[in-house]
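Coordinate-derived values only; no laboratory data. Since the model is a prediction, treat every value here as computed from it, not as a measurement. All Cβ positions, glycine included, derive from the backbone under ideal geometry; neighbour counts span all protein chains shown.
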């Protein structure tokens, strides 16, 4: 697990500045404090920071092939590299290290861009082929590892984080209107966008080729696709067996390391399943790490303890207090752009906690997306079914009734549901829907409100029309929320603490198995993750299997009405507030007052405003 960066000039006679390249690598020191390395060949420069996990003494990068014609910088882990290595040795390739990085170099030598289909792991890498005068960059199938890039007529720059790119002189940092709308709509930035118009994300399951042979040409292609192909001929017992067998193998592969491996344990079914499969594959005690809150409704520690006790884990716990919000500036600095998932706070603390004991942990991320585990799936399914049977007049009637009902009234959700068109379900996934963004942004000169984010999500939802509705919701979450929020959050929060987090539920073999399972076995009636729960029945206590989903979130709604009431007022409404230069201050004031008075819970929206304010402070 490392940090990578690089710069290539289009003009082959223009030399890379070694100091600039080092600065771009140093700024992501936290991603790899164990080692650094550089490759410079005239107009081509590659930089690297290393967190040593495999082949601790010989994993220096950039790394080359036998004749130094091919060079790589690589962030991630290839879990099947030993098998690939043996195959390549059989084909005549000679190795000088025991690293998965060198396996990638020779795999590229043998198969070119086709090497990607052999890889089982998480990765973002760049390979410079001096003979072809070509840069080959790729990102793993789920987007576990980040890859950003910038291109203009003079240069191409890439990095694990945006700050590696913006540290270079001459970067156009014009703000992206689409990205700002995406942030306020969802709390994160979707698609290939970044906060800057000219810095892009390489999408998951894509590779990029930059050719300098003639004039510079960039080509981007997708190498893996999500296809839901449910097999209704198989029994529940078949899927139960397949899930256990495939997950056990994935977890075993993800434990491959030359250092100890622990686990995040929330007490939910996903992280508990990972710990159960770890215990199945090793005899040594597993170090597990949990974060809790004083507020009982949000605290899952008792469930985590139960799983840890069952498997004889060496268990570690920590409580997150309201004062933890002081971490916000550091987190915003880590994300380099506005990002408003408040669970980044406990993710940071559990990562910091774990790093005091080891370098690598496994997490349970991905289970909700691939087994329909989110509560909103049940909610949207009801809307989809109900609205399809309601004529337009009834929707209009319920819509007018809904407007008259106070935000904190228990029946508000039902009347809202009955007023919706199923063709516009993408809007349900917004923190700030378009009508509220319009009021929030007012006459801002910074950016203009648009419904582009809703249309983007609705487009993804509609893309899988041949699938059933739940599969389409899964597809949408996999392509957006999982990659751009969950995995981004985990990557930045863990790397701030130089911790490697591995995600066995996102092993692509396990993912492809989930694509074959009919959705009615994932969301059975209103029971989420039905088939995953069944597969874990012999491994986990009923208290874990039968409990409702809580989610890894902090009690913002309570904190904002109690301990942090003055903090949010002073931050967002003071004369020194930067966001008030771009947003409607009166509307923000009304929002805070409604939240304080209990008219409605605006905590998620308030959090986006705090994150935007802090980002402006750091990037004014």
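Dimensions of region 556-620 along the principal axes, based on C-alpha atoms and rounded to the nearest Å, stand at 33, 20, 17, largest first. Hydrodynamic analysis of region 35-118 uses the Kirkwood radius over alpha carbon pairs. Inserted into Stokes-Einstein at 4 °C and 1.567 mPa s, it gives a translational diffusion coefficient of 98 µm²/s. Extents of region 22-161, taken as max minus min of Cα coordinates on every principal axis and listed largest first, are 41, 32, 29 Å. Across region 1-142, Cα pairs under 8 Å and at least six residues apart give a relative contact order of 21 percent. Using bins of 5 Å that start at zero, the share of Cα-Cα pairs per bin across region 168-215 amounts to 5, 19, 20, 18, 20, 11, 5, 2, 1, in whole %. Using a cutoff of 8 angstrom between alpha carbon atoms and counting only pairs six or more residues apart, the relative contact order for the chain works out to 15 percent.
Extent of the chain along its three principal axes (Cα atoms, max minus min coordinate, largest first): 74, 58, 46 Å. Estimated purely from DSSP H runs of n ≥ 4, each contributing -39500 (n - 2.57), the mean residue ellipticity at 222 nm for the chain is -11500 deg cm²/dmol once divided by its residues. For region 212-329, the gyration tensor built on C-alpha atoms gives an oblate shape. Its axis ratio a/c (a ≥ b ≥ c) is at least 1.5, and a/b is not larger than b/c. The fraction of Cα-Cα pairs per 5 angstrom bin, counted from 0 for region 475-620, comes to 2, 7, 12, 14, 14, 14, 12, 10, 9, 6, 2, 0 percent, rounded to whole percents.
Restricting the calculation to alpha carbons of region 72-138 gives Rg and Dmax of 11.1, 30 angstrom. In plain terms, the residue of 105, 217, 274 with the fewest other Cβ atoms within 10 Å comes first and the most crowded comes last, giving 217, 105, 274.
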